[in-house]
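Report on the structure given below.
Read-outs: derived from the displayed coordinates by stated rules, not from any lab. Computed from a predicted model, the values in this text were never measured in an experiment. Using ideal geometry, Cβ is built from the backbone for each residue, glycine included, and neighbour counts are taken over all protein chains shown.
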Amino acid sequence: MQRLWAFDEFEARLRACESRYHIHHRFNLRLNRGELQPFQVRAWVANRYYYQVAIPRKDAAIISNCPDRDERRRWVLRILDHDGRDAYDGDDAGGIEAWGRLAQAVGLDPEDLRTHRHVQPGVRFAVDAYVNFARQRPWEEAAISSLTEMFAPKIHADRLAAWPTLYPWIAADGLGYFRSRIPLATRDVEHGLEVARSWCTTRARQERAIAILNFKLDILWSMLDAIERGFPDDMPEAQRP
Ligand code: AHQ
């Protein structure tokens with residue numbers, strides 16, 4: 001019987017998974033070095049929109065599997081953060097609305113965005129796998145899968161720091177989504193780590209948590225694989241978003 005890791009060691013092992021985070025993916029490196037053409041930035045925004053609109057349904061699946069009212073009262077905030085709480089044009093319009101503003105700022109056709117016209121099969125497959133995981137697994141496992149956001153503040157900060165210079169053609173107010181996520185990711189990670197601490201009462205569960213995190217890291221990585229392959233530098237003009 002292997003011994004339980006102390007929580008600090010367990011958390012350090014979770015955080016060590018950062019090396020597989022999609023911040024290190026070639027497509028993301030090129031995106032944040034300003035090496036992508038406008039149509040490839042538009043492709044990334046259009047494909048990530050499919051992920052963003054899935055998040056509230058993923059979180060609703062977690063809530064539907066969670067018998068604990070206190071936990072649901074906290075988790076429900078994530079749905080409202082994305083779907084919005086108020087008028088569709090105010091500060092509380094939600095992350096999906098803000099992503100729509102990013103799409104407008106990069107020049108995506110709103111109808112192409114809404115209909116997911118540019119979404120690649122590999123992106124659809126990965127995102128649907130994430131939602132189905134949340135539907136089918138114990139709510140604690142699905143909660144732990146959101147801990148990739150331990151690494152998200154850096155990736156959002158990188159965009160905010162680099163894009164205004166690298167992509168001056170993108171209106172600055174389009175970047176509001178990235179700014180809004182940094183405090184929300186930090187709050188979400190605190191909750192996710194509390195769930196990991198209380199649920200991982202055995203070494204086997206601690207190792208299961210690391211496997212779950214790697215599954216979610218694969219989801220994010222394979223999305224960029226599909227986007228990179230779907231929108232090569234020499235893509236015929238007529239097919240470009
Ligand atoms: O914008 C992102 C977001 O709303 C979420 C929710 C969270 C989850 O529940 O899995 N993960 C996540 C992420 C967002 N942005 C990604 C990015 O690179 O912009 C990072 C991603 C994550 O780290 O899981």
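Between Arg13 and Arg208, what FRET efficiency comes out of the Förster formula 1/(1 + (r/R0)^6) with R0 = 22 Å and r the beta carbon distance, rounded to 0.05?
Plugging the Cβ-Cβ distance into 1/(1 + (r/R0)^6) gives 0.95.
Once you sort the root eigenvalues of the Cα gyration tensor of the chain as a ≥ b ≥ c, which label holds: rounded (a/c under 1.5), prolate (a/b larger than b/c) or oblate (the other case)?
It is prolate, given that a/c is not under 1.5 and a/b is the larger ratio.
Tabulate in residue order the Karplus-calculated ³J(HN,Hα) for the range 143-153, using 6.51 cos²θ - 1.76 cosθ + 1.60 with θ = phi - 60°, rounded to whole Hz; enter x for Gly and Pro.
4, 5, 5, 7, 6, 4, 5, 4, 9, 6, x
Which ³J(HN,Hα) values in Hz, rounded to whole numbers, follow from the phi angles of the range 114-123 under the Karplus curve 6.51 cos²θ - 1.76 cosθ + 1.60, where θ = phi - 60° and Gly and Pro get x?
Karplus-based 3J(HN,Hα) across the range 114-123 equals 4, 8, 6, 4, 9, 6, 7, x, x, 6 Hz.
Using a ≥ b ≥ c from the Cα gyration tensor of the range 96-164 (square roots of the eigenvalues), is it rounded, prolate or oblate, where a/c under 1.5 gives rounded and otherwise the larger of a/b and b/c decides, a/b for prolate?
oblate
So what's the net charge close to Val119: Lys and Arg +1, Asp and Glu -1, counting the other residues with Cβ under 12 Å from its Cβ?
Around Val119, the charge tally is +2.
How large, in Å, is the range 78-196 by the Kirkwood hydrodynamic radius built from its alpha-carbon pairs?
The answer is 16.0 Å.
When the label point is put 7 Å from the Cα of Leu160 along its Cα-to-beta-carbon vector, which residues of the range 180-194 have a backbone N closer than 19 Å?
180-190
Does the range 56-103 come out rounded, prolate or oblate, given a ≥ b ≥ c as the square roots of the eigenvalues of its C-alpha gyration tensor, rounded meaning a/c under 1.5 and, failing that, prolate meaning a/b above b/c?
Judged from the Cα gyration tensor, the range 56-103 comes out prolate (a/c at least 1.5, a/b above b/c).
Mind putting a number on the dipole of the chain about its Cα centre? Charges go on the C-beta only, +1 for Lys and Arg and -1 for Asp and Glu, and I need it in Debye to the nearest 20.
The dipole of the chain has a size of about 580 debye.
Give me the Debye-computed log₁₀ of I(q)/I(0) at q = 0.13, 0.20, 0.25 Å⁻¹ for the range 147-237, equal point scatterers on Cα only, no solvent, two decimals.
Results for the range 147-237 at q = 0.13, 0.20, 0.25 Å⁻¹ read -0.64, -1.08, -1.23.
Net charge near Asp173, counting Lys/Arg +1 and Asp/Glu -1 over other residues with Cβ under 15 Å of its Cβ?
0
Within the range 134-149, whose backbone N sits under 19 Å from a point 7 Å along Cα→Cβ of Asp70?
139-141, 143-144
How high is the relative contact order of the chain, in percent, with contacts defined as C-alpha pairs under 8 Å that are six or more residues apart?
32 percent
Just to check, using Stokes-Einstein with a Kirkwood Rh over alpha carbon pairs, what's the diffusion coefficient of the range 1-52 at 25 °C and 0.890 mPa s in µm²/s?
It comes out at roughly 178 µm²/s.
Between Ala238 and Asp91, what FRET efficiency comes out of the Förster formula 1/(1 + (r/R0)^6) with R0 = 30 Å and r the beta carbon distance, rounded to 0.05?
0.15
With +1 on each Lys and Arg Cβ and -1 on each Asp and Glu Cβ, and nothing else charged, work out how big the dipole of the range 132-223 is about its Cα centre, in Debye to the nearest 20.
140 debye
Expected output is a single nm value to one decimal: the length gained when fully extending between Gln104 and Leu29, i.e. 0.36 nm times separation in residues minus the C-alpha distance. What is it?
Gain on stretching Gln104 to Leu29: 24.7 nm.
Using only DSSP helix segments of four residues or longer, with each worth -39500 (n - 2.57), what per-residue ellipticity at 222 nm results for the chain after dividing by its residue count and rounding to 500?
Calculated at 222 nm, the ellipticity per residue is -22500 deg cm²/dmol.
I need to check one value: relative contact order of the range 86-181, counting alpha carbon pairs closer than 8 Å and at least 6 residues apart, in percent.
42 percent
Please report, to two decimal places, log10 I(q)/I(0) for the range 12-139 at q = 0.13, 0.22 Å⁻¹ as given by the Debye formula with identical point scatterers on the Cα atoms and no solvent.
These q points yield log10 I(q)/I(0) values of -0.68, -1.33.
Explain nothing, just compute: Karplus ³J(HN,Hα) = 6.51 cos²θ - 1.76 cosθ + 1.60, θ = phi - 60°, for every residue of the range 9-22 in order, whole Hz, x for Gly and Pro.
5, 4, 4, 4, 5, 4, 6, 5, 5, 3, 4, 9, 6, 5
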